[in-house]
1. Let a ≥ b ≥ c be the square roots of the eigenvalues of the Cα gyration tensor of the range 100-212; is it rounded (a/c under 1.5), or, if not, prolate (a/b larger than b/c) or oblate?
2. Using θ = phi - 60° and the Karplus form 6.51 cos²θ - 1.76 cosθ + 1.60, what ³J(HN,Hα) does each residue of the range 22-33 get, whole Hz, x for Gly and Pro?
3. When ligands, DNA and RNA are left out and all protein chains stay put, how many square angstrom of accessible area per residue does the range 164-258 have with a 1.4 Å probe?
4. State the antiparallel share, in %, of DSSP beta bridges confined to the chain, rounding to the nearest 5.
5. Per residue, how much accessible area does the range 1-136 show when a 1.4 Å probe rolls over the protein heavy atoms, in square angstrom?
6. Rounded to the nearest 20 debye, what is the charge dipole size of the chain about its Cα centre when +1 sits on each Lys and Arg Cβ and -1 on each Asp and Glu Cβ?
7. With the cut-off at 1.5 for a/c, could you classify the range 176-215 from its C-alpha gyration tensor as rounded, prolate or oblate?
8. To the nearest 0.05, how large is the calculated FRET efficiency for residue 9 and residue 255 if R₀ is 35 Å and r is the Cβ-Cβ distance?
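The values are calculated or read from the model by the stated rules, or taken from the named source; none is laboratory data. As the structure is a prediction and not an experimental result, all values here were calculated from the model. Note that each Cβ is placed from the backbone with ideal geometry, even for glycine, and that neighbours are counted across all protein chains shown. Ligands, DNA and RNA are stripped out before the accessible areas are found, and what is left, the full protein with its side chains, is counted by its heavy atoms. Shrake-Rupley method; radii C 1.70, N 1.55, O 1.52, S 1.80 Å.
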Amino acid sequence: MPRVGEIEAALFEIAPRDCAMDWDNVGLLTGKPGREVRKVLVSLDITLDVIEEAGRWGADLIVAHHPVIFNGQKTVTDRDVVGRRILQLVERNISAICMHTNLDTAGGGVNDTLAEWLGLRDFYCLEETGVLRAGVLDEPMDLGAFAARVGKTLGCNGVRYADAGRRVHRVAVGGGACGEFEDAAIRANCDTFVTADLSYHQFLDAKEKGINLVDAGHFPTEDPICHELIGYLQTRFPGLQIQKANHREVIQYYVEGE
């Protein structure tokens, strides 16, 4: 059976460490590189519920996108959420490997996967961002219909969008919080930008800027990469048992009449 360090090395082959942002924290964050792995749980996040699920299943390793240790954690106690998560991982002898911004930027990573799921063709990386992908739909469509497609494809609990009065054809996508790159999408002549965590003022200004905005949520725009990671690990390590965590979007939406 492969060891934790071998799986980490294999993941760095598709999402190299040097592709991560300087402020990021990627790779093996808890556990022993030499430990043998038989079961791997793949999840977008590592929460206490995910750790509990991994423990019940008997997983040796969790592979996640968002780092379980971030923002300069200085202590590991049960007095804060991150400390409790780390303690649970250690106590249950579960290793954690996290591939974050290196997986965002990598070919075949978060944003290539998002572009593929949303039906874009001829997509490419917007070099000035290093993250966004831009491509075109086979046929232009109304924004409302496109927002509905995004919601259904990604399994969103809700989709926020702002209509700039343009048909959807040339689309930029950025999984997770990529709102800072909105102007880059405009400069790339995109009529529509799909991302998450957009601000009120971005929606307010969208029409005057001439770009449709679709906020499909942080979790839904990034979670598709978990399916790709499972496929990659199953091919690379056929003897492993791998499954996706029962981890879902946490943001709920009130709909009048329901």
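1. Working: a/c = 1.35, a/b = 1.22, b/c = 1.11.
Verdict is rounded for the range 100-212.
2. 4, 7, 7, 9, 10, x, 6, 9, 9, x, 10, x
3. On a per-residue basis, 50 Å².
4. Beta bridges within the chain, antiparallel portion: roughly 45 percent.
5. Solvent-accessible surface per residue comes out at 45 Å².
6. Numbers: 26 positive and 39 negative charges, 150 e Å.
In debye, rounded to 20, the chain gives about 720.
7. Details: a/c = 1.72, a/b = 1.16, b/c = 1.49.
It comes out oblate by the Cα gyration axes.
8. Values: r = 46 Å, r/R0 = 1.32.
The formula returns an efficiency of 0.15 here.
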